[in-house]
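Here the structure is laid out as structure tokens; the discussion comes afterwards.
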Amino acid sequence: MAGFSELIKNFDKTRDYLRDFFIYGSKIRSDFNRKSSRTYDDEKRRAESWIGDYMRYDDSVRGRQVSISVDSGHIPENPLYSAFYSRSFTDNDIRLHFLLLDILSQEERLPLRRIVDLLESEYGFIFEEQTVRNKLREYTDEGIVLAERSGKSLVYSLTKDRADEYLSAVPGLEDAVKFFSEVQSFGVVGNSIMKSLDLKNDLFFIKHNYLMHTLEDLLLPDLLRAIDEHRYITAAVFPGQNSSEKTEREMPLLPMQIFSSAQTGRRYAAGYAPDLRRFVAMRLDNIRSVKVGQVCEDHKRLDESFRKAAARCFGVSFGFSSESAGRSPMRIEFFADPIREYYVIERLQREKRCCTLERTGDHIFTLTADVLDVNEIMHWVKTFIGRIKRVEGGPSSVRQRFYSDIYRMDKMYGGDEDEHIQ
Amino acid sequence: MNIFSELYGAYFRIAAKLLTLGTTDDKTVREAIFRGGFRDSILFLPQKLIPGSEDWGLFRREKDGSLRRVTKNAPPRILTGLQKSWLKAKLSDPRIRLFMEEDALAELERRLSGTVPLYRQEQFRTTDRPTEHDPYSDPEYIANFRKILRAVKDRSILEIGFVSGKKNRIFGSFVMLKMEYSPRNDRFRVYCYQLKGGKISDSGMINIGRIRSVRDTGQVFTEEISMDSYFSSRKCSSPAVIRVTPERNAVERFMLEFASFEKHSVRDPETGEHTVELWYDVHDEIELLIKLLSFGPVIEIMGPERLRLQARDRVRRQVELLEKFDGGWKNDRP
């Protein structure tokens, strides 16, 4: 295929496609109508190159659908780390990389002019001083090269830190790197250490490993910088999957914390949205890119309010103040025998988060949820279907939806009328 | 510092590996690309490494046909600023103590004394972290963890006493296969086979936090072990079949929540409904069931029969409880 390159400048598009392959898994070529078919072919080819072993093709009446099917708990390494290893570069980038490393590993503290001379005399490559200076500056930022002032000019040397030496000098570090390279966040950085030393994770599997979310690590450095420096960001948001939006939109946010869900692997930039004048949590997998902007002068006050509000989030939603104002907390009674069904009570205790749980009867345990968005709690409450004795308080719409859901489920699975068993 | 940098890229890595060899040949170059590259790298990379009209000039062709590097030494395996700052961030993670003694931690701390951590724990908040997790700072837990990890590496046979999920005390001989970490529960488990008379009798999983005693028998399990056989011994015989409706954005919510499962989905273009087959560990069936029920009526468990019947029983029991105790049920249900 003419023009195809395995390497890419950025993987915004790739993230978008992988999400569709990974999450939906039932789309055919023409469903990817946001982009050209050429883009589809290239992105599919890249995905095959990285995770070909886990891709699945099914021919349906609508066409061939591409999906990714893998039990992520049964693989030792996140295959999507490959996306991070596919950055494009120029011929001079790779030449200079290995030649500079070679020169600086032989001699300590060389000035730029001497390095340029050595590149020509020892290796036969002629580079402009400016090109070499730029590369040395870049490598100084990456912590590979140290630049020190000597008189009026700078002298360069190589960092003394070596990955192999670290691992041999610090017992247990290798195992730690193997483990941390597979868990959020920035696991890919640990994986890059292992790759440089030809190591493989032969010890750990991660249950319910949400592989796809590793791609969002790309956004985190800018978000974390904005959090530290109290700066606004502008997030470019992918067009919605189910909405009529065809183009991305921009949303300003003052990020204050990264929320993550251990249950779903999803992560969010949580903070103050000036346009909406309230706190929100934006899903990172919906954000294409982040631009760091101005410092917020009112950060202290907003941050205090944010911490108070976050303590009342059951999940990631801050709700709407009009919904929660003046409502009594939600109270849900659960029925369980504390001796025979101790595991139900243990799970309630373990998973209740900011709610309180108390024993209010022989077999009754009452959960009180004074949270900003009670809608979030009901998804979890329904994991206890068969145990819920009574639901009180909170908005009537939430209670009505719960009753309606149970009623519909009863009809759906209803006793003798059940004809759907396969 | 940039995570998405060619410094960590597959092409740079392959070049570094070949430059480490000093002298190489065309065949070795191609093999290195096959092993370390992407699926199509073999189409793009050889001509960049092997001298010709497009090459990078990193190797010279010798008279005997071999390839000699232009550099004088093997490239150093540098730990970059990004990698150091990642390690520094991990120093604040309590789980690092499972792997390293105090003096090793002090040594790492000393080496990274001038490094700024890539992130700080307080910049993140896990919203649904369970209130209980494994006791990472408990000396007994750490000691058990290390014994198990050692046994995973050298396949030594251990005698382990532990408390099961059903609170039974169990004691037996086990061979350790791999460690598993669950971010949801913030717990470690170990995949193992129970041994009786030196032979495999059952596949199992032990929570490290429930171990009460560990003794190394001094024996090593020498038979070959395949993780595929272990996993297939625990896999469901037929997948769960789930009908997912588009109501309340259920398709996206469902697909995201079950993204970690091996699955296959088919979409009905008329209704927008998806039929999804999910493969799961039979020992996790209850966990799967309650997760499915949490979606309410916007999904339906179609099969297998056992799973559907369990859903039906729980829903039936739920209706009975509400009818008996909850006044709102009669007033507010449809």
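The values are calculated or read from the model by the stated rules, or taken from the named source; none is laboratory data. Computed from a predicted model, the values in this text were never measured in an experiment. Cβ coordinates were reconstructed from backbone atoms using ideal geometry, including for glycine residues, and neighbour counts include every protein chain displayed.
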Inside the stretch B:173-198, the number of residues satisfying the requirement of being over 26 Å from A:S261 (Cβ atoms) and in contact with a Lys or Arg (Cβ under 8 Å, 6 or more places away or on another chain) is 3
How many residues of the stretch A:329-343 are buried (at least 17 other Cβ atoms within 10 Å of the Cβ) and over 19 Å from A:A311 (Cα atoms)? The answer is 5
The condition from (1) surrounded by 14 or more Cβ atoms within 10 Å (Cβ to Cβ); (2) more than 15 Å from A:R387 (Cα to Cα); (3) of a type in the set (V, I, T) that B:T271 misses is numbered (1)
Counting only residues in the stretch B:76-114 that are in a loop (DSSP other than H, G, I, E, B) and surrounded by fewer than 19 Cβ atoms within 10 Å (Cβ to Cβ), the one nearest to the other protein chains (Cβ to nearest Cβ) is identified as B:R77
For the stretch A:344-395, the count of residues that are facing another protein chain (nearest Cβ under 7 Å), over 30 Å from B:D134 (Cβ atoms) and surrounded by fewer than 19 Cβ atoms within 10 Å (Cβ to Cβ) equals 0
Checked A:T264, A:T247 against criteria (hydroxyl-bearing (S, T, Y) and surrounded by fewer than 19 Cβ atoms within 10 Å (Cβ to Cβ)); the one match is A:T247
**Asked** Any residue at all in the stretch B:301-324 that is surrounded by 21 or more Cβ atoms within 10 Å (Cβ to Cβ), modelled with pLDDT of 95 or more and more than 9 Å from chain A (Cβ to nearest Cβ)?
**Response** yes
All-but-one check, B:H133 against (1) outside any strand (DSSP E or B); (2) within 30 Å of B:F4 (Cα to Cα), failing number (2)
Of the residues in the stretch B:257-270, those that are touching a residue at least 12 places away in the same chain (Cβ under 8 Å) and of a type in the set (S, T, N, Q) number 1
Counting only residues in the stretch A:257-282 that are free of Cβ contacts under 8 Å to residues at least 24 places away in the same chain and within 18 Å of the chain's Cα centre (by Cα), the one nearest to A:E376 (Cα to Cα) is identified as A:Q263
Residue hits (the stretch A:131-157; within 12 Å of another protein chain (Cβ to nearest Cβ) and not in a strand (DSSP E or B)) are A:K135, A:E138, A:Y139, A:T140, A:D141, A:E142, A:G143, A:I144
Among (1) within 14 Å of A:T383 (Cα to Cα); (2) more than 7 Å from chain A (Cβ to nearest Cβ), B:S294 falls short only on (2)
A:Q106 meets each of (1) over 27 Å from A:R15 (Cα atoms); (2) facing chain B (nearest Cβ under 7 Å); (3) modelled with pLDDT of 95 or more with one exception, condition (3)
Scanning the stretch A:283-306 residue by residue, those of a type in the set (D, E, K, R) and within 22 Å of the chain's Cα centre (by Cα) turn out to be A:R283, A:D285, A:R288, A:K291
The correct count of residues that are of a type outside the set (S, T, Y) and either buried (at least 16 other Cβ atoms within 10 Å of the Cβ) or outside any loop (DSSP other than H, G, I, E, B) (or both) in the stretch B:56-75 is 12
Note on B:T217: of the conditions (1) surrounded by fewer than 20 Cβ atoms within 10 Å (Cβ to Cβ); (2) within 30 Å of B:L278 (Cβ to Cβ); (3) in contact with an Asp or Glu (Cβ under 9 Å, 6 or more places away or on another chain); (4) not charged (D, E, K, R), unmet is (2)
So the strands (runs of 3 or more DSSP E) completely within the stretch B:179-228 holding 2 or more residues that are more than 19 Å from the chain's Cα centre (by Cα) and in contact (Cβ under 8 Å) with a residue 40 or more places away in the chain are B:211-220
Selection from the stretch A:326-345 of residues outside any helix (DSSP H, G or I), within 26 Å of A:V371 (Cβ to Cβ) and of a type outside the set (V, I, T) yields A:G326, A:R327, A:S328, A:P329, A:M330, A:R331, A:E333, A:F334, A:F335, A:A336, A:P338, A:E341
Selection over the stretch B:24-41 where residues are closer than 12 Å to B:R13 by Cα, touching a residue at least 24 places away in the same chain (Cβ under 8 Å) and part of a helix (DSSP H, G or I) yields a count of 1
